[in-house]
Amino acid sequence: MPEYKAPRGTMDVLPSESCKWQYIEGVFRDICASCGFSEIRTPTFEHTELFTRNLGETTDVVSKEMYTFQTAGGRSLTLRPEGTAPSMRAFVEHNLGSALPFTKMYYIARLFRYERPQAGRYREHTQLGLECVGEEAPQTDAEIISIATRFIETLGIKDYRLKINSIGCRVCRPEYRKALVEYASQKADSLCSVCRWRLENNPLRMLDCKEEGCRQALADAPAISDCLCPECRAHFEGLKEGLDLLGIKYEQDKNLVRGFDYYTKTAFEIVSSGLGAQNAVGGGGRYDDLIAGLGHKPEPAIGFGIGLERLILTLEALGIELPVSNSPEVYMVACGSGAPEASLALASELRKAGVRTETDFTGRSIKAQMKTAGKLGARFAVILGESETASKTASVKDMDAGTQEAVAFPLLAEYIKNKSER
């Protein structure tokens, strides 16, 4: 028989771990809802040109990381490698901007990128993201960043750094690109092969290279902040003022860029020491040019994305325990004539009353079932033997206190709930 394993670059979220995912997703949903964001769910795959035309053909994602396939009808489709372009495609297709001057959306989506698997980075991964369309004020940027920082702080992550930068716009970026290329051309021999290619095709991405030789060679490269047009400069100053007003600490990183061509003005990234060298938990920025590239009138927009797998790794590395548990409150122990039927009925009543209840119809001994109740971390074991079934009185053992009491069937749910609240 062949040995079946999950494909390389993917992972199984096991039942013992899924409660962490559900909790984090729940926190994210609650925070987004409190800020006026509603969920959007887009297809897992899109027409390939949505990404090739709008992310940038020279970006790493488009040039070598997309999962693309042909349909029977000859159309090229791609598993979504990121969440913003599909959300904006839906915004344009359904004319979401017609009702209000702004549109606020969030998503929890599976993304797909063919890249080398590493800590917290998988070929199939989950991203928590949000998008705000129609607002161009720097205060909006500060608010979006505050949502990201509030989210990770709510999860218990205090040890993080916020990096910000402005990457300019179509007006001022050409001047910076020219200055950067002129500088980097003199250092070409010190650049890695990838950055030598980027020098000709996508020079801003050189600033994001993690190779130490490239970082040293570009350490004194011109800063884009020196080339910003008056509008971009005023916007960036407004962002910093907004963050100061909110009490959010930040670092200005002149080398911070984003991976897609549609980004303009604000760029930001949240990093944590918990992940070592690959320390980015999430990031985002403004993409005022993206929607116009989809055939819609220009609309200002900003958003961010946070990788769920990397977030969980960060929490574990920092020793942060989430307040979650898969343990049942009650484990039904049934043994003897009539006990399974009584257990089935009582478990149903307990669940209706909101009590997490696990049943056991294996027919094993009471001792074996009690052992399983302990392994699962159940607070109470409700023991039903032939005598309990006949008298309609359950024997309830408090697994924490070690005490045991007889409780009539009709009073069982109330008894469990009262004991649980103490």
Rounded to the nearest 10, the angle in degrees between the Cα long axis of helix 173-185 and the longest principal axis of the Cα atoms of the chain comes to 80 degrees
Subtracting the Cα-Cα distance of V171 and N326 from 0.36 nm times their residue separation yields 50.4 nm
As straight-line cross-link partners of K178, the qualifying aspartates and glutamates (C-alpha separation under 17 Å, not fewer than 8 residues apart within one chain) are E200, D220, D226, D261
Checking rank on 217-227, 29-39, 280-290, 166-176, with mean other Cβ inside 10 Å and highest first, the result is 280-290, 166-176, 217-227, 29-39
Neighbour-count ranking for F380, F102 (other C-beta within 10 angstrom, fewest to most) reads F102, F380
The aspartates and glutamates whose Cα lies under 18 Å from the Cα of K249, excluding any fewer than 8 residues away in the same chain, are D141, E143, E153, D159, E237, E241, E269
Extension length gain for R41 and E200 (0.36 nm per residue less Cα distance), in nm, is 53.5 nm
One finds the C-alpha centres of region 145-222 and region 253-327 to be spaced, in Å, by 15 Å
Rg from C-alpha atoms of region 330-420, normalised by the globular rule of thumb 2.2 N^0.38 Å, equals 0.94
Taking a crude spin-label model, label points 7 Å out from Cα along the C-beta direction, the A353 to K158 distance in nm is 4.0 nm
Computed over the chain: longest principal axis from alpha-carbon atoms vs helix 339-352 long axis, angle to nearest 10 degrees, is 40 degrees
Checking L207, L111, L344 against a Gaussian network model of the chain (alpha-carbon springs below 10 Å), the top fluctuating residue turns out to be L344
Rounded to one decimal in nm, the spacing of the 7 Å Cα→Cβ label points at L77 and N95 is 2.7 nm
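Using 1/(1 + (r/R0)^6) with R0 = 41 angstrom and r between the beta carbons of E212 and E49, what's the FRET efficiency to the nearest 0.05?
0.65
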Expected sort for L376, L130, L55 with the fewest Cβ neighbours (10 Å cutoff) up front is L376, L55, L130
The correct pair for region 167-282, radius of gyration to one decimal and Dmax as a whole number, both in Å and from Cα atoms, is 14.9, 45
Note: probe point = Cα of K254 + 7 Å toward Cβ; backbone nitrogen < 15 Å; residues of region 222-237 passing the test are 222-228
Residue span Q139 to K5: 0.36 nm per residue of separation minus Cα-Cα distance leaves a gain in nm of 43.4 nm
Beyond 29 Å (Cα-Cα) in this structure, taken from K5/K210; K64/K187; K352/K375; K64/K104, we find K5/K210; K64/K104
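Quick one: R123, R310, fewest Cβ neighbours within 10 Å first, how do they rank?
Values: R123 19, R310 24.
The fewest-first ordering by Cβ neighbours comes to R123, R310.
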Taking r as the C-beta separation of A408 and S387 and R0 as 22 Å, the FRET efficiency to the nearest 0.05 is 0.95
quick shape note, region 121-201: Cα extents on principal axes in Å, largest first -> 46, 34, 26
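Read the figures in this text as sums done on the coordinates, not as results from a lab. For clarity, every value in this text was computed on a predicted model and none was experimentally measured. When we count neighbours, we look across all protein chains shown, and the Cβ atoms used for this are built from the backbone with ideal geometry, even at glycine.
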